[in-house]
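A.B. asks: Quick one: structure below, then a few questions.
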Amino acid sequence: MIGRIISADLFRLGKQKSTWIIPVATFAIAFMFGCLNGLVYGNASWLSELHGAMQEGMASIGGDSSGMSLIFNAQFPSLAEYVVASFQRESVIAIIIFASVYTSSVKRNGYSKNIARVYNTFSYNVSQAVILLGYSILITLLNLCANVASASIFFEGIEPGNFGSLLLYFVVTALLHWAACLMIVIVCDAFRNTTVGIIVGCLYTGLFASLLSAGINALIGLMVKTEFTVNHLFPYMYSLALKYDDTGSYLYGVALSAVYAVVFFLLKMIVRKKDIA
């Protein structure tokens, strides 16, 4: 039953333009930002030559080239650590947009009529979770590939580093992004509106959430002396604090994602009982 629902869901998504537009846009944007980072921090010989030519050009026209040091040639221990540092974590917005469109489209087209008997059942909820997990992995993998591709252009002779830990880092990041999107599905179900899901997702990943969490952390610090921060309770915020090549950090990320998955299915059960009533 679950397999048939997932197959039907995948077939429907294959016909949906946003399914393909979002990954392409994500790769393009991540590659662009990767190139911008590489232009500043890269150590390729052609970058040094470009920098010298720019300074000579300014000098030849009587301009001041002292403020044109755009290339810092930062020393990164390895390519893997550079990729982690330059990773565009904001790509979670792409997954949030997909989750919102995906959830709402089920109810506004003919597909919802065909699955009326299974909609919001455990089988269909599993299908939603699996689809979102696969999409989170896809978007995160494209982000990784874009960063590696751009880094290969701007860096020379840098050690590759521990790519096993790098892949594990991105797997845990994908799980954390997936956990955040499961909650966006709940929001879309509650409000029955794509726009609300996207707005909540943007607030959750933006300055508003950062300021709110900083205020709560400061308040907790005034009341009790503790290293606890609310950031570690939210998947996206914890992904910002996720430590590369740290087993404990990875395990906590997996555990946090599992907790959110359990909460997702529990809330879905509550919604189902409410709909039946």
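The values are calculated or read from the model by the stated rules, or taken from the named source; none is laboratory data. The structure displayed is predicted, hence computed values, not measured ones. Cβ: placed from backbone, ideal geometry, glycine included. Neighbour counts: every protein chain shown.
A.B. asks: Note down all Cβ pairs under 7 Å where the first residue falls in the stretch 80-91 and is in a loop (DSSP other than H, G, I, E, B), the second is buried (at least 22 other Cβ atoms within 10 Å of the Cβ), and they're at least six residues apart or on different chains.
C.D. replies: Phe87/Asn143; Phe87/Asn147; Gln88/Ala30; Gln88/Asn143
A.B. asks: In the set Ala151, Ala94, which member is more than 27 Å from Cys202 (Cα to Cα), surrounded by 14 or more Cβ atoms within 10 Å (Cβ to Cβ) and at pLDDT 85 or above?
C.D. replies: Ala151
A.B. asks: Could you list all residues from the stretch 233-250 that are surrounded by 15 or more Cβ atoms within 10 Å (Cβ to Cβ) and assigned to a helix (DSSP H, G or I)?
C.D. replies: Correct list: Pro235, Tyr236, Met237, Tyr238, Ser239, Ser249, Tyr250.
A.B. asks: Can you find, within the stretch 156-169, the residue that is nearest to the chain's Cα centre (by Cα) among those that are buried (at least 16 other Cβ atoms within 10 Å of the Cβ) and modelled with pLDDT under 90?
C.D. replies: Leu166
A.B. asks: On to the next question. Yes or no: Ser45 closer than 17 Å to Gly134 by Cβ, surrounded by fewer than 19 Cβ atoms within 10 Å (Cβ to Cβ) and at pLDDT 75 or above?
C.D. replies: No, not satisfied.
A.B. asks: May I ask you to list the residues in the stretch 125-139 that are modelled with pLDDT of 90 or more and not hydrophobic (A, V, I, L, M, F, W, C)?
C.D. replies: Gly134, Tyr135, Ser136
A.B. asks: Taking Val172, is it in a helix (DSSP H, G or I), within 27 Å of Asp246 (Cβ to Cβ) and of a type outside the set (Lys, Arg)?
C.D. replies: Taking the combined requirement at face value, the residue satisfies it.
A.B. asks: Any idea which of Val224, Val172, Val200 is in contact (Cβ under 8 Å) with a residue 12 or more places away in the chain, more than 26 Å from Gly38 (Cβ to Cβ) and either out of contact with any Asp or Glu (no Cβ under 7 Å at 6 or more places or on another chain) or among the hydroxyl-bearing types (Ser, Thr, Tyr) (or both)?
C.D. replies: Val200
A.B. asks: Find the residue count for the stretch 1-42, including only residues that are closer than 19 Å to Val126 by Cβ and at pLDDT 80 or above.
C.D. replies: Total satisfying the criteria: 1.
A.B. asks: With respect to Val185, is the statement that it is modelled with pLDDT of 80 or more, surrounded by 14 or more Cβ atoms within 10 Å (Cβ to Cβ), closer than 19 Å to His232 by Cβ and touching a Leu at 6+ places or on another chain (Cβ under 8 Å) true?
C.D. replies: no
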